[in-house]
Every structure is written in structure tokens, then in C-alpha cells.
């Protein structure tokens, strides 16, 4: 039986067919759908963990316990999980353990363009990279075979185009291996220096064994056509090259991108007149090939930044300039924007009004940096807003403490904001943190988190009380405010900035897109409008100007009333 599946759905299907029983992840585009789809199989225990480090540790524990396990994350999440994963490379596995990571060339939804193949090299872990949905399924199953054969975690690398593209996929039955017996073995699983030194030697021997596997197993395959051009490639770049060049080139398709083979590459290079290495982001394959003495064209021709395409390959390799077509219409620019009724909009309007320095974080609210709000000064990574504010205030003193705040979402706070807030309480900076609690993990598509009271599968769960948690880590001042009430929000922010101790303001209102949220009737402009356009300052997509007149689109407006509070003339009703 065949079915049209997203790459992420196909990975989940591979987990099911491979007999995986424990899946733990933190949502991160473009990896999120792997775990969401794994959760639809009753045979798989699936959870959202507070962050990627925890999810990896849960999966490691399940593997030690004898069950096949999996964790998924986006590329920046792999940084968070690197600590346990690098050490798991030394311990090896009990049952198979696979880490799914989805890179984001082009930065469609990410703060950097990191290449996770570097983590595989650094951790000395095998990495497989599928090119389509069927390979997503089969490589997932193969990863568990390799994990148990070579006693190693295995990384499965996807990129956005593979994760979010559909192709035909075979469906096979589930095969569940027996739960492996757990035996206490400190020399294998306790990485004291005395044990770890010997394990490093084993890891290096394992790498040599995996290189032999890469040479002969068939996961890296040669497709001979023309001897004029040879392409060494992997992942989605293989699909681009095949479509652009067809039979004009021969291909060495690398399914295992770490460790890389040597003889296979050397023999392929000798069989063609000119070699191209086509890979998005870093020159990982290129550097390896050059270390073997292969003469090639790579990053001297292909860009190191951004996504490739069939057109990119065709233009650069064949010198054919593809004619572009355009519509003879003026298409308006549509930058990302907060949704109509977004609970964060009033917060950033108020922060801008008060001319505060804003330490930002990762989430929907990062759009508070965009015009017309423009109320965010920096944003680094998950959880950094709180600790960066602490450092900023320590550097600049009392004046900064009275004019700067941090903003962080409820899910992001649970991910890595808690320890940053501990730092503020422990090291005594009079810093104000705004937790934007919209009762869901919004940016990645409405996933549950430890504050929502539901698990990934929708079952009731203990809900973390943000108020009690903040108090428990040493914050004496905790205020809760409705972010739709601009007057009260401004009053509380001014109050907490004037205090001589750390404080937290919880801006609490459920995301406007949640199914259970009931909206008020849409608002409209009446004849009292003076065309001052003050209501435009919040950047709501429902409000626009046509022929000089302000209009509210009733099909978009959710009646939040934020714009109404900006109008001095009572023109919005």
C-alpha cells in the first residue's frame, strides 16, 4: 500500500514500523509534525518535553531501559540537547536510539542557518540524510538497525524541503522487537573519567567500522550516466541536481553523511571528467573530498548561504539562464505579522509607548520587533531574554533597571527561562520580566506545554502555576494582568519598574486562534473618525486605509478592543 506523506509524517511512520515505543520532543519548525504524527499511533508513548535536552535524556533513559526510542528537534534545538547526546555517543545504547533533527536552509522560521552535520562530526555519530518521504521512512528504520548493530545513537537529518514536501510512501506492518533485558553496567553507562577514557577508544574504532559500512552497504550509491559531469551530493540537493541535470551527469548520492566513505568517492571521481559537490550550507562533503585529493568545484561556485533549487543547479552547472515570468500586477508585500486579536500586540504597543529597552525571545512575540511596533531591541535564542536583561542591567546600572524589561512566552519560559529567572533572583538585579502567557505553544502550531494542563495526546495533566513557580525561585513581586487592558498593563509596568527588587508580570490571555476562545463581535469605524490613524500604530491586519479612510475588516476582526482604546474620538464601536 502506498500513501502520499510529508517527510515528517513518513519519519513517524518509520518509527511505528520500527517498533519504537518512546518518543519525546520539543516542538520546533520544521521538525514538529514528526512527533505530532507519532502521537497518533496508540502503540507509541509520545510526549512534549519542556526542552530538547530533557527530550534527549528521556529517550536515552528509554534506550537504556531496553526500548527503541526517538527524540526530534530543529537544528537550534540540537544545540540545547548537545550535552547528553555527545556523551551518549560514548555510552552507546541499550535498544536503538535515534535523534531526528530538521535543519532550515533559508531560515524560513529560524534565527540562524546552522548545519547539523557539524554536530554529527563533533559527536562522532552516524548521520543519515533522506531525500524524499520514502527514504524518510526507510532511513528511519535503518537508523535503528545501525544503532543496535554499532551500539550508537544515530542522527537522522532532514531539511525544510524534505520535512514539508509530500511524496509517495510505502506502508508496511509494525515489527516490535522484544524489550531488551536491563543489566546494570556502570562501565558502559556511567561516564566517570576512568570509564570514559576507554569508551573514547571504542568510539574511534566504531567510526572506522562505520566508514567500512559506508563504503559497501549501498546506502551511498552511484548512478552512472554521462562521464562528463559527476555530482557528489545528498538530501534535497540530490533531487535538485537530478531534476536540473538529468542524464547529463552521473551521481554519487550519499545517504550516510557522517562518516563519509573514502574509496567510493575516489573511484567515482576517477570515473568522470569534472566533479561537482552540491550541498546546501557548509562544505562538509567538499572538505572531506578535498582531503582525499579530489579536484572538484563546490563552494567556489555554489553559495554557502540559503536554499538551492533546480534553477540554481541548472544555471551554475550548465550556464543556462532560466527565464523568469512575472505578472503585470502590483502584488502587495505581506511580511509576517501578529494575528488579529493577538494577545501580544497591546504589550508591545505599551512597551514602545513607554520607550523601554526590550530584551526579546523566541516565539510569536518576536514579531514585536517589526514595524509599526518596533519594540524589541535584541533576540538571541530560547530563554536568553531573561538572562540577557540581567547582564544588560548589571552592565548599565540602575538607570537601565528602570527602563528595560524582558519578554518571554509561557512555553519558552518553561523551556529555558526558569533558570535565567533564578539567576536574576539569586544575583539580585532589579529586573522586570514579562511572561506572555497565551496558554499554548503558539509559534509552532498550538502544541501543549507544562503550563496548559494537557499532554501531547490531550490527556489531563498537572499544570505548572507560573505565579507559584516564580515565587518559589525567589521572586517576591508577581503581578497578573490582562494584555487587552492597555491602561492596567501600563500601570503595572510602571509600578514594577519603580520597585527596588526583581519582579515578574504575567500577561495572561489565551491565544486568539485557540478553538475554545470565544470572540466578541467585530468592531467598525463610525462617522466620528478624524483620520488621525492612531489605530494603525498597533499594526493589526484587520485595520487598513482605503482612499484616506480607515476601515476595519469585519471578516478578520475578533473584537479584542485594543484599537478602541487608542481612539480619542470614540470612532471605533
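The values are calculated or read from the model by the stated rules, or taken from the named source; none is laboratory data. Worth saying up front: this structure is predicted, and the values here are computed from it rather than measured. Every residue, glycine among them, receives a Cβ derived from its backbone with ideal geometry; neighbour counts consider all protein chains shown.
Per the listing 425, 395, the residue uniquely over 24 Å from residue 112 (Cβ atoms), without any contact (Cβ under 8 Å) to a residue 40 or more places away in the chain and either in the same structural domain as residue 483 (by TED's automatic domain parsing) or in a strand (DSSP E or B) (or both) is 395. For the range 340-362, a residue qualifies if it is within 23 Å of the chain's Cα centre (by Cα) and closer than 14 Å to residue 483 by Cβ, and the qualifying residues are 342, 343, 344.
Looking across the range 367-402, the residues that are surrounded by fewer than 19 Cβ atoms within 10 Å (Cβ to Cβ) and under 25 Å from residue 511 (Cβ atoms) come down to 369, 370, 371, 372, 374, 377, 378, 380, 381. Across the range 446-466, the qualifying residues are those that are more than 20 Å from residue 40 (Cα to Cα) and more than 23 Å from the chain's Cα centre (by Cα), and the one among them that is surrounded by the most Cβ atoms within 10 Å (Cβ to Cβ) is 466. Looking at this structure, is residue 146 in the same structural domain as residue 82 (by TED's automatic domain parsing), surrounded by 20 or more Cβ atoms within 10 Å (Cβ to Cβ), at pLDDT 95 or above and under 22 Å from residue 113 (Cβ atoms)? For residue 146, the condition - in the same structural domain as residue 82 (by TED's automatic domain parsing), surrounded by 20 or more Cβ atoms within 10 Å (Cβ to Cβ), at pLDDT 95 or above and under 22 Å from residue 113 (Cβ atoms) - is not met.
Yes/no matrix, rows are residues, columns are (1) in contact (Cβ under 8 Å) with a residue 24 or more places away in the chain; (2) closer than 20 Å to residue 160 by Cα; (3) touching a helix residue (DSSP H, G or I) at 6+ places or on another chain (Cβ under 8 Å); (4) buried (at least 19 other Cβ atoms within 10 Å of the Cβ):
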residue	(1), (2), (3), (4)
191	yes, no, yes, no
210	yes, no, yes, yes
230	yes, no, yes, yes
234	yes, yes, yes, yes
246	no, no, no, no
253	yes, yes, yes, yes
265	yes, no, yes, yes
268	yes, no, no, yes
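For every residue, the table says whether it meets (1) assigned to a strand (DSSP E or B); (2) surrounded by 14 or more Cβ atoms within 10 Å (Cβ to Cβ); (3) in contact with a helix residue (DSSP H, G or I) (Cβ under 8 Å, 6 or more places away or on another chain); (4) modelled with pLDDT of 95 or more.
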residue: 468; (1), (2), (3), (4): no, no, no, yes
residue: 475; (1), (2), (3), (4): no, yes, yes, yes
residue: 478; (1), (2), (3), (4): yes, yes, yes, yes
residue: 484; (1), (2), (3), (4): no, yes, yes, yes
residue: 487; (1), (2), (3), (4): no, no, yes, yes
residue: 493; (1), (2), (3), (4): no, yes, yes, yes
residue: 499; (1), (2), (3), (4): no, yes, no, yes
residue: 504; (1), (2), (3), (4): yes, yes, yes, yes
residue: 507; (1), (2), (3), (4): yes, yes, yes, yes
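Among the residues of the range 537-562, those identified as closer than 21 Å to residue 489 by Cβ and touching a strand residue (DSSP E or B) at 6+ places or on another chain (Cβ under 6 Å) are 542, 543. The requirement of being surrounded by fewer than 24 Cβ atoms within 10 Å (Cβ to Cβ), on the phi < 0 side of the Ramachandran plot, part of a helix (DSSP H, G or I) and in contact (Cβ under 8 Å) with a residue 60 or more places away in the chain is fulfilled nowhere in the range 37-57; no residue meets it.
Is it the case that residue 340 is touching a residue at least 12 places away in the same chain (Cβ under 8 Å) and either assigned by TED's automatic domain parsing to the domain that holds residue 27 or surrounded by fewer than 21 Cβ atoms within 10 Å (Cβ to Cβ) (or both)? Here the answer is no, as residue 340 does not meet what is asked.
From the list 526, 537, the lone residue that is in contact (Cβ under 8 Å) with a residue 12 or more places away in the chain, outside the structural domain of residue 410 (by TED's automatic domain parsing) and touching a helix residue (DSSP H, G or I) at 6+ places or on another chain (Cβ under 9 Å) is 537.
Residues that are closer than 27 Å to residue 246 by Cα and touching a strand residue (DSSP E or B) at 6+ places or on another chain (Cβ under 8 Å) do not occur anywhere in the range 318-332. With respect to residue 305, is the statement that it is touching a strand residue (DSSP E or B) at 6+ places or on another chain (Cβ under 9 Å), modelled with pLDDT of 95 or more and not in a strand (DSSP E or B) true? No. Remark: residue 30 matches the filter, which requires a residue to be buried (at least 24 other Cβ atoms within 10 Å of the Cβ) and either outside any helix (DSSP H, G or I) or assigned by TED's automatic domain parsing to the domain that holds residue 182 (or both). For residue 382, state whether it is part of a loop (DSSP other than H, G, I, E, B) and either under 28 Å from residue 454 (Cα atoms) or touching a helix residue (DSSP H, G or I) at 6+ places or on another chain (Cβ under 7 Å) (or both). The answer is yes for residue 382.
Residues in the range 175-186 that are more than 14 Å from residue 95 (Cα to Cα) and surrounded by 11 or more Cβ atoms within 10 Å (Cβ to Cβ): 185 only. Taking (1) within 17 Å of residue 475 (Cβ to Cβ); (2) not in a loop (DSSP other than H, G, I, E, B) in turn, residue 400 satisfies each apart from (1).
Residue 10 meets all of the listed conditions (1) assigned to a helix (DSSP H, G or I); (2) within 17 Å of the chain's Cα centre (by Cα); (3) crowded, with 24+ Cβ neighbours inside 10 Å but one, namely (2).
In the range 462-478, the residues that are in contact (Cβ under 8 Å) with a residue 40 or more places away in the chain reach residues that are surrounded by 16 or more Cβ atoms within 10 Å (Cβ to Cβ) and in a loop (DSSP other than H, G, I, E, B) with C-beta atoms within less than 8 angstrom, at least six apart or across chains, in these pairs: 464/450; 464/451; 466/451; 474/502; 475/502. When the range 270-283 is limited to residues that are under 34 Å from the mean Cα position of the chain (by Cα) and surrounded by fewer than 21 Cβ atoms within 10 Å (Cβ to Cβ), the one that is farthest from residue 114 (Cα to Cα) turns out to be 283.
Yes/no matrix, rows are residues, columns are (1) farther than 23 Å from residue 166 by Cα; (2) touching a strand residue (DSSP E or B) at 6+ places or on another chain (Cβ under 9 Å); (3) modelled with pLDDT of 95 or more:
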| position | (1), (2), (3) |
| --- | --- |
| 6 | no, yes, yes |
| 9 | no, yes, yes |
| 19 | yes, no, yes |
| 22 | yes, yes, yes |
| 30 | no, yes, yes |
| 35 | no, yes, yes |
| 45 | yes, yes, yes |
| 50 | yes, no, yes |
| 57 | yes, yes, yes |
